[in-house]
1. Out of the residues in region 205-222 that are under 14 Å from W137 (Cβ atoms) and surrounded by fewer than 19 Cβ atoms within 10 Å (Cβ to Cβ), state the one that is modelled with the highest pLDDT.
2. For region 182-201, which residues satisfy the criterion of being surrounded by 16 or more Cβ atoms within 10 Å (Cβ to Cβ) and modelled with pLDDT of 90 or more?
3. Without any contact (Cβ under 8 Å) to a residue 60 or more places away in the chain, out of contact with any Pro (no Cβ under 6 Å at 6 or more places or on another chain) and crowded, with 16+ Cβ neighbours inside 10 Å, is that true of K111?
4. So, in region 40-76, of the ones that are surrounded by 17 or more Cβ atoms within 10 Å (Cβ to Cβ) and among the polar types (S, T, N, Q), which residue ends up nearest to V114 (Cα to Cα)?
5. Of all residues in region 115-138, which are part of a loop (DSSP other than H, G, I, E, B), touching a strand residue (DSSP E or B) at 6+ places or on another chain (Cβ under 6 Å) and either polar (S, T, N, Q) or surrounded by 20 or more Cβ atoms within 10 Å (Cβ to Cβ) (or both)?
Amino acid sequence: SLRQPARPSTVSCSTEYVGIGCSDGSVRILQLPATEEETEVCCYQGHRGSVNALAFNEASGLVASGGRDTEIVVWDLVGDSAVCRLTGHKGEITCLSFLPGHADFLVTGSKDGVVKIWSVNLQICVQTITDMKSEVWSLCFHSQDRLIVGSSDKVLYVYAIRSNLFIDSDGLTVAEFFGQLDRPEPGDGRVVALGTSGSCLFAQTDRRVVELWRIVSVSYTHLRAHETEAD
């Protein structure tokens with residue numbers, strides 16, 4: 001175990017690094033494989049409050065952090081500096097991820113109930129998704145062409161990622177609404193984590209339930225809801 005100077009609030013890994021977001025607003029980057037004697041590569045101070053989410057983009061050498069302060073900061077691991085600060089959410093950041101295959105685009109979710117897609121190069125929000133009716137808690141990608149969003153709603157939201165991602169005078173639509181998945185009973189509570197593995201989609205809730213879905217081509221079929229044992 002590695003002792004941190006402040007309480008760890010989130011952790012994310014790449015093939016080379018592990019990032020630790022802390023309650024004091026700092027982001028610590030450690031080289032893998034980590035040992036108790038190994039010192040950190042760098043420590044970034046960029047948030048006023050706890051860091052809730054981290055995401056690496058190995059192709060570009062970037063790491064993004066989202067905090068309770070409603071802001072997102074993108075850091076350059078090579079240059080050891082901040083690239084930009086993205087502001088626009090009205091609630092604390094709960095989840096974020098770089099768009100697969102496109103290092104310039106960052107997708108973020110927040111307690112304000114919206115998902116925003118940002119251009120890191122232009123340092124602007126290029127699309128705001130407002131379909132959710134409650135706080136956004138999680139998001140993930142299936143391959144490179146589907147975005148799945150989890151919230152406190154009774155459904156999961158699915159978006160198709162456009163292949164043409166050039167910004168022109170009319171702006172840009174990165175994700176188009178594809179459909180929604182009606183969550184089964186006892187699929188109550190907020191979806192706090194999403195993930196895919198092969199043909200399965202996993203939705204973890206805050207009520208001891210993990211929902212499993214089978215992905216068949218572009219359709220999603222619910223498998224079962226699994227109730228975990230109490231801690």
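1. Filtering first and then ranking leaves D206.
2. Keep residues of region 182-201 that are surrounded by 16 or more Cβ atoms within 10 Å (Cβ to Cβ), which gives 183, 187, 190-194, 196, 201.
Passing the criteria: R190, V191, V192, A193, L194, T196, L201.
3. Values: without any contact (Cβ under 8 Å) to a residue 60 or more places away in the chain: yes; out of contact with any Pro (no Cβ under 6 Å at 6 or more places or on another chain): yes; crowded, with 16+ Cβ neighbours inside 10 Å: yes.
Considered against the rule, which asks whether it is without any contact (Cβ under 8 Å) to a residue 60 or more places away in the chain, out of contact with any Pro (no Cβ under 6 Å at 6 or more places or on another chain) and crowded, with 16+ Cβ neighbours inside 10 Å, K111 comes out as yes.
4. Filtering first and then ranking leaves T70.
5. V120, N121, Q123, M132, S134
The values are calculated or read from the model by the stated rules, or taken from the named source; none is laboratory data. This one's a predicted model, so the numbers in the text were calculated from it and none came from an experiment. Because the Cβ atoms are built from the backbone with ideal geometry, glycine has one as well, and the counts that use them run over all protein chains shown.
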